[in-house]
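Everything on this sheet refers to the single structure shown next.
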């Protein structure tokens with residue numbers, strides 16, 4: 001068994017003090033000793049985006065009983081995409097699983113994504129969670145459905161749900177993508193732009209039981225319109241080709 005993890009679970013958080021301990025416990029229960037890890041280690045990388053509550057203190061306390069847990073702290077507030085990217089950069093695993101820190105994503109779905117990865121071809125670099133039965137308010141579900149329809153029409157990413165925090169992707173492929181704020185909402189299109197394939201996997205979705213949402217429909221819409229235009233430009237300007245290295249000619 002190697003001490004270097006093959007899987008890193010990255011969780012961005014901001015003011016989620018009451019969700020930290022339950023979610024860490026669920027991640028450990030889902031992955032510790034799981035057959036799909038083949039005896040290899042895993043790690044949990046929490047990224048605290050300048051929480052003003054006791055989130056950071058509770059994470060530090062959990063490290064005493066959870067050897068897999070690592071904690072990274074932003075010195076200034078930077079948002080979810082930056083938190084995910086910094087977590088991936090700090091991670092040691094070749095594959096990354098992500099979860100939102102609010103507890104609505106189910107860590108028990110990570111083995112399902114790992115099984116999909118093991119059955120897929122090497123060209124598939126992203127397995128994106130698909131919240132078939134969303135446990136959100138009616139207005140949020142309606143807004144998300146409309147946004148997904150517009151995004152799908154503009155980007156043609158063949159992905160029914162890009163907003164789900166449950167994802168599994170190759171670390172190297174992710175770090176090769178162009179970085180911008182809110183990029184985490186466009187990972188399927190970005191991976192496809194880079195020449196890779198993506199698969200959507202139905203996953204569980206749960207009610208938030210503690211804390212409050214950091215987004216509302218208006219700010220999602222305003223940011224989304226600008227980002228969609230930028231994504232469409234990136235896709236239009238992309239050029240991908242396979243490469244090969246030539247052998248030396250014999251003298």
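A convex hull fitted to the Cα coordinates of the chain yields 156 cubic angstrom per residue. When the chain is treated as a GNM with alpha-carbon contacts under 10 Å, the residue of 239, 85, 70 showing the greatest mean-square fluctuation is 239. Take the Cα of residue 176, step 7 Å toward its Cβ, do the same at residue 134, and the gap between the two points is 3.2 nm. With R₀ fixed at 41 Å, the C-beta to C-beta distance from residue 21 to residue 226 puts the FRET efficiency at about 0.65.
For residue 233 and residue 116, a Förster radius of 41 Å and the Cβ-Cβ distance give a FRET efficiency of 0.85, rounded to the nearest 0.05.
The calculated FRET efficiency for the pair residue 90 and residue 156, based on their C-beta separation and a Förster distance of 25 Å, comes to about 0.15.
Full extension of the segment from residue 71 to residue 53, taken as 0.36 nm per residue of separation minus the current Cα-Cα distance, would add 4.9 nm. Exposure proxy for 18, 161: other Cβ atoms within 10 Å of each Cβ, ordered fewest to most, give 18, 161. Where only DSSP H runs of four or more residues are counted, the chain gives -11500 deg cm²/dmol as its mean residue ellipticity at 222 nm, each run worth -39500 (n - 2.57).
Cβ crowding within 10 Å ranks 176, 49 as 176, 49, fewest other Cβ atoms first.
Values quoted throughout were computed directly from the atomic coordinates according to the rules given, and no laboratory measurement underlies them. These numbers were taken from a predicted model, which means no experiment stands behind them. Glycine gets a Cβ as well: all are built from the backbone with ideal geometry, and neighbour counts include every protein chain shown.
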